[in-house]
1. Regarding the range 106-186, what is the average projected area of its C-alpha convex hull, in nm²?
2. In Å³ and rounded to a whole number, note down the convex hull volume per residue for the Cα atoms of the range 7-102.
3. Which distance in nm do the two modelled labels at residue 55 and residue 5 give, with both placed 7 Å along the Cα-to-Cβ direction?
4. Any idea what the relative contact order of the chain is, in percent, if you count C-alpha pairs under 8 Å spaced at least 6 apart?
5. To the nearest 0.05, what FRET efficiency results for residue 89 and residue 43 with a Förster distance of 25 Å applied to their C-beta separation?
6. Roughly how many nanometres apart are two label points built 7 Å out from the Cα toward the Cβ at residue 73 and residue 273?
7. When each pair of different Cα atoms in the range 72-213 is counted once in the 1/r mean, what is the Kirkwood radius in angstroms, to one decimal?
8. Just grab the label-to-label distance for residue 138 and residue 194, each label 7 Å out from Cα along the Cβ direction, in nm (one decimal).
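Just so it is clear, none of the values below were taken in a lab; they were calculated from the coordinates. For clarity, every value in this text was computed on a predicted model and none was experimentally measured. Note that each Cβ is placed from the backbone with ideal geometry, even for glycine, and that neighbours are counted across all protein chains shown.
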C-alpha cells in the first residue's frame, strides 16, 4: 500500500512557452471527473500569488496542471485549460480562484465534417474526429471495432463533441477527455488496462460506504488512482443506505462490498486544512463485477 501521510502537491501553469510552478503557497481545490462527455472541471484557489503568476492564471486557455498526493507518491490529479478567474480578499489574503476544464478549448471549438463509406469501423471514425482536437491526444479506444452500419454513407458534420455524442448514443459507448486524452469505453465495460482500485479501511476508506439505487458512494483519503470508467472494489462490513422505503424493499446487498465502475469522482483538498479526500460514485456493471 502506498504511503498516505505528509501531503504534497505541485501546481503548474503554462502558456505553451513559459511555465510557472507553485509548490509552497496555500492551494485548495475541488476537481470533478466523470465519464460524461462534458469536460472534467476544476476549481482551484491560489493564495497570494505573485504578479507574474497572477498574469498567467488570468490568461484564458492557459494550461493548468495539478499533481497531488503524498510525499513520494504525487500523481496527476487534473490537467486542463483555464476558463474563468476571479479574485477576492479574505482577511490579509488575496485569493485567486481559477475555473478550468479538461480539454476545454477543443470541446468548445473543434469542428468536424466528413462523409464515410459503409465499410468503415466506429474506431476509424472516432480516430478521425480526434484529429480535429488540436490540444487533445487519442487515448484508449475500447469497444469500437464494429462496423458503422447505422451511418450508411452519411455525412457527419457539426461540432466534434456533438458528432461524438451521437455516435456514443447509437453505438453504446461513453467518450470523454481524461487528462488531455480522448478515451472511449463501452457502457457496460470498465477500463481494461487498469486493475480495480481496492477501497477498505487499510487503504484509506473513511466511514462506511453508502448504498444507492445504482451502486455505491464511498469516501477515501485522496487517491488519484480513482478514475472515471475504472473498476474499484469495496471491502466493508457495514454500509449506510440511501434508498427510500428500505423497509418495503429487498436490497441486493447490505454491506457495499463488491466491484463497481467509477461513474464520477470528486477530489477535495486544502494544503493548509484537513480536507484531502476523494468521494467516488460507483455503478454496478456486470462486466466490472466479473473482474
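1. Directional mean of the projected Cα hull area for the range 106-186 stands at 4.5 nm².
2. Numbers: hull volume 9.8 nm³, N = 96.
Convex hull volume per residue, Cα atoms: 102 Å³.
3. Label at residue 55, label at residue 5, 4.3 nm between them.
4. Values: 674 pairs, mean separation 50.8, N = 291.
The value is 17 percent.
5. FRET efficiency, residue 89 to residue 43: 0.90.
6. For the pair residue 73/residue 273, the computed spacing is 2.5 nm.
7. Evaluated on the range 72-213, it is 18.1 Å.
8. Between residue 138 and residue 194, the label points sit 2.1 nm apart.
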